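The next block holds one structure in the form of structure tokens; read it before the comments.
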């Protein structure tokens, strides 16, 4: 039996949580064939999915076009969404035809609307797993409704086809689904100790360490040598978040290739440092919650999910906002001191969402026999 995952190519947060669900499902159903349909980097999927899978690369939705790691290109976002969804019916037809010989028993969507119309046409369950929907995001996105008043209603009609939605924490837009069930946090959880990870990547054991986590775009305009915390902190980065030139003293650069066949994963780094600097996104917040790592965060452009995440962060993490002028000028010390002076967070959150989701998917597979 084939389980097909339609995974949004927007960022890597959608893929990272579905990778955890794929792993948990494979443990329960080793006989299931895993098929992934996504525009996420094939190299990232090859590096992170540790069970057999087949990738059919290509876009299955549009998200938000980023002009940098902390800003969006709003006009380009509108243009791409209109171009993609103007041919939506033809795309659905093509997806169904491409799956003709694949014996698909179950479809999971995070959170590509096409997944659920394809599932309906194939007469198989269509399960949404996400914390937001694209109609909810696009409803308030600058310029979208004016340029394409038909777009949000069309996406809602697609989401209405879902059999069930498994709603993650920090959610918005789930009113569109007919049936909704809560799901605990799906988080990548570290498997290596703090000391082992630090030794593997050359991070001093006794010195406080700060991880820069800004995805593939990095922060090329940031001059790491100008940071006002270098005297007290080791800075760890896996993206090239610095200007061209030699790596400054006190900075540890970990190439992405180090995670291939090394036995270490990115979430091990999150757990091995004393704080993370990032923009708010589901993936990094989930990893920080799982590891108990404080989060220093900045703004990321107009994105409806941002307010939901920022409201939730202080309940589960020691955290502090740093504006972009302070971030890029290297004035971090004050925000770090304020964050680390905070008491422990008031609430805890279960992080076994992958296992709960996999059990539900396994039940649907059993019912399809």
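None of the figures in this text is laboratory data; all of them are computed from the coordinates on show. All values derive from a computational prediction rather than experimental measurement. Every residue, glycine among them, receives a Cβ derived from its backbone with ideal geometry; neighbour counts consider all protein chains shown.
Using per-residue counts of other Cβ atoms within 10 Å, averaged over each peptide, order 204-214, 167-177 from highest down.
Working: 204-214: 17.4, 167-177: 19.8.
So the order, starting with the most tightly packed, is 167-177, 204-214.
Where does helix 88-98 land angle-wise versus the long Cα axis of the chain, in degrees 0 to 90, nearest 10?
The helix 88-98 is inclined about 80 degrees to the chain.
Taking the chain as the reference, fit the longest principal axis to its C-alpha atoms, fit the long axis of helix 13-28 to the helix C-alpha atoms, and give the angle between the two in degrees, 0 to 90, nearest 10.
For 13-28 against the chain, the angle is about 70 degrees.
Summing -39500 (n - 2.57) over the DSSP H runs of n ≥ 4 in the chain and dividing by its residue number, what mean residue ellipticity at 222 nm do you reach, to the nearest 500 deg cm²/dmol? Let's see the in-between values first.
Details: 15 runs with 142 residues, N = 369.
After summing the helix terms and dividing by the residues of the chain, the value is -11000 deg cm²/dmol.
Please give the helix 282-291 orientation as an angle from the longest Cα principal axis of the chain, in degrees from 0 to 90, rounded to the nearest 10.
The two axes meet at around 60 degrees.
In the stretch 314-339, which residues have a backbone nitrogen under 16 Å from the label point lying 7 Å from residue 249's Cα in the Cα-to-Cβ direction?
none
Order these peptides, 147-160, 266-279, by their mean beta-carbon neighbour count within 10 angstrom, highest first.
Highest-to-lowest ranking by the protection proxy: 266-279, 147-160.
Relative contact order for the chain using alpha-carbon pairs under 8 Å, separation at least 6, rounded to a whole percent?
Working: 738 pairs, mean separation 63.4, N = 369.
Here the relative contact order equals 17 percent.
Count the DSSP beta bridges whose two residues both fall in the chain, then state the antiparallel fraction as a percent rounded to the nearest 5.
Working: 3 of 47 bridges.
Counting only bridges with both partners in the chain, antiparallel ones make up about 5 percent.
Arrange the peptides 287-299, 44-56, 180-192, 327-339 so that the one whose residues have, on average, the most other Cβ atoms within 10 Å appears first.
The peptides rank, most packed first, as 287-299, 180-192, 327-339, 44-56.
Give the calculated FRET efficiency between residue 304 and residue 150 to the nearest 0.05, with a Förster radius of 25 Å applied to their Cβ-Cβ distance. Kindly include the intermediate steps, with their values, before the conclusion.
Working: r = 19 Å, r/R0 = 0.78.
The value I calculate is 0.80.
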